[in-house]
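The values are calculated or read from the model by the stated rules, or taken from the named source; none is laboratory data. Everything numeric here is computed off the predicted structure, so don't read it as measured data. Cβ coordinates were reconstructed from backbone atoms using ideal geometry, including for glycine residues, and neighbour counts include every protein chain displayed. Calculation scope for accessible area: heavy atoms of the full protein, side chains included, ligands and nucleic acids excluded. Shrake-Rupley method; radii C 1.70, N 1.55, O 1.52, S 1.80 Å.
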Amino acid sequence: MNKNLPTWEGFLRADGRKGIRNLVLVIYTVECAQFVAHAIAHGETDVHVIGFPGCYDNQYAVRLMLALARHPNVGAVLSVGLGCEYTQPGKIAEVVRKSGRPAESFFIQDAGGTSKSIARGKEILSRLRKEISEVKRVPMSLADLTVGCECGGSDGTSGLAGNPVVGAFFDRLVDAGGRAVFEETVEMIGLRNILQSRAANEAARTELAAAYDKAENYCKQVRQFSASPGNFAGGLTTIEEKSMGAFAKGGSRPIQGVIKVAEAPRGPGLWILDSVPDAHFMQFGYTNPNDSEGIMDLISSGAQIVLFVTGRGSVIGSPIAPLIKITGNTQTYQRMIEDMDFNAGRVLTGEISLADAGEELLALVTRIAKGEPAKPELLGHREYFVMYKHQDTPSLTAGCRA
Amino acid sequence: MNPRAFQIQPQDNVATMIDDVQSGAVEISGAAREEISTSEKISHSHKIAVRDIAVNEAVIKFGVRIGHATQAIPRGAWVHLHNLASDLDERSGTLDLHSGAPTDTVYE
């Protein structure tokens, strides 16, 4: 391994994976428990919240939450339910304990209402935090990192600067033995041949063709392609154009294959995450309904850090894994500097080469991995989105060591 | 300095504005170096035609087809929803040219 590559101290989990943060995750299992869950986490350092709004449970949502609950950045879990819903907080805690992490759960109805539940939750939190403060610290390098990338609020600069800079960084990460994951197959529309030409082997080629065909058919069926009014106002005119720009985040290394939501990459290298629903009698709504959903999917693959490329500007963050904001639009960077971590727009004006910008992004990712907060993290952004969906997936134990 | 636009591939027939232009000369950089004159206001991040494009001809950016021209587009013109359409996505053709907002959803 190259001795010049950075190393830092991370948190070792029982499954051997390493985290860059040491968090307690509070999970609520129905919308009715949402207020209490957030009140428990309110004012607490390194305590994040996710949850599922539905009373009727959903295999996809449970699988996603279990992958997030056993994420490398998560040290312990508190699961809170109302008491009526299908999704079982006790079972979530049980599965998390099997992964070697402390976990507890309770029902609000049993605890005796709002105030008693908040007090009980805070008392459990202080116990869990004490336990995980003793977790083993180990050296980490780029080879231990999984980094996801999503784009949102794209404009004409995203495909020219923002995404290509991520591509340059992804090439470096892959060469260092790390894992790079990008998604939004619904933003690879028109690129079937290009996608297949990037496959590492015949199996990956077949997976990529299948994921592409599913995405294109899905968009045709729901009659909604993955482009927003802001994209058009920002100079993008067609989904084919947006797709070419979005795909630039994939850099130039071979694509190892396709994973689904809550699955970890099956080895080092560059991977595509397919978050598009599979055929199901419920015909669940839109894929990629918003950016937070896609970010959750990437984190569920074990990504300790997610890069977010935005041309027009975005103010979201994420729980569990820090989100790093990159823009290819210098005007946006200056207008929203409080929210933007990296200005890739300098590539367009010739101030910096693409390779040097990739190198600078690598240095930024390393600083965030060492503990420096990304801007959304610092501002307290922790948006999440867990929805009803269906995916044909292998069992969690087979497909995901999350 | 004239407003600038960036052309990605030599075979592209559009370039992306990296400044706003009211009208007049635009400096093309990237895969081509030339000056193009426009008579239209084109915003930052939007596209300018670097060649004459005939109706139904492919519009090329990143070296690939990103859709087709729905009317003849002269060199120097703004290329957007009014003269370029996706080969796949029908809804985008109904969006407001300037804001991108949908025009087919009823609010009443």
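Once the stretch A:147-184 is narrowed to residues that are open to solvent by 10 Å² or more (accessible area, probe 1.4 Å) and under 27 Å from A:GLY371 (Cβ atoms), the residue that is farthest from the other protein chains (Cβ to nearest Cβ) is A:GLY177.
B:LEU84 fulfils the conditions (1) surrounded by 16 or more Cβ atoms within 10 Å (Cβ to Cβ); (2) touching a Pro at 6+ places or on another chain (Cβ under 8 Å) except for a single criterion, (2). Taking the stretch A:197-239 as the range and being more than 7 Å from chain B (Cβ to nearest Cβ), among the aromatic types (Phe, Trp, Tyr) and free of Cβ contacts under 8 Å to residues at least 40 places away in the same chain as the test, only A:TYR212 passes. Evaluate the following for A:SER314: is it farther than 21 Å from A:ARG21 by Cβ and either assigned to a loop (DSSP other than H, G, I, E, B) or open to solvent by 10 Å² or more (accessible area, probe 1.4 Å) (or both)? So A:SER314 passes the test. Looking only at residues of the stretch A:265-298 that are open to solvent by less than 10 Å² (accessible area, probe 1.4 Å) and among the β-branched types (Val, Ile, Thr), we find that the one that is nearest to A:CYS219 (Cα to Cα) is A:VAL276.
Among the candidates A:GLY177, A:GLY153, A:GLY159, the residue that is on the phi < 0 side of the Ramachandran plot and among the small types (Gly, Ala, Ser) is uniquely A:GLY159.
Per the listing B:ASP104, B:ASP87, B:ASP19, the residue uniquely part of a loop (DSSP other than H, G, I, E, B) and closer than 20 Å to A:ALA246 by Cβ is B:ASP87. Residue count for the stretch B:1-36 satisfying the condition of being surrounded by fewer than 20 Cβ atoms within 10 Å (Cβ to Cβ), within 13 Å of chain A (Cβ to nearest Cβ) and under 15 Å from B:ILE66 (Cβ atoms): 1. If the condition is being hydrophobic (A, V, I, L, M, F, W, C) and more than 14 Å from chain B (Cβ to nearest Cβ), then the stretch A:302-331 contributes A:ALA303, A:ILE305, A:VAL306, A:LEU307, A:PHE308, A:VAL315, A:ILE316, A:ILE320, A:ALA321, A:LEU323, A:ILE324, A:ILE326. Scanning the stretch B:49-69 for residues that are part of a loop (DSSP other than H, G, I, E, B), away from every other protein chain (no Cβ under 11 Å) and under 25 Å from A:MET188 (Cα atoms) gives B:ASN56, B:GLU57. Close Cβ contacts (under 6 Å, 6 or more residues apart or on different chains) running from residues in the stretch B:90-106 that are under 17 Å from A:CYS219 (Cα atoms) to residues that are open to solvent by 60 Å² or more (accessible area, probe 1.4 Å) comprise B:THR94/B:THR103; B:THR94/B:ASP104. Listed by position, the helices (runs of 4 or more DSSP H) enclosed by the stretch A:1-109 that each have at least 3 residues that are in contact (Cβ under 8 Å) with a residue 60 or more places away in the chain are A:34-41, A:59-69.
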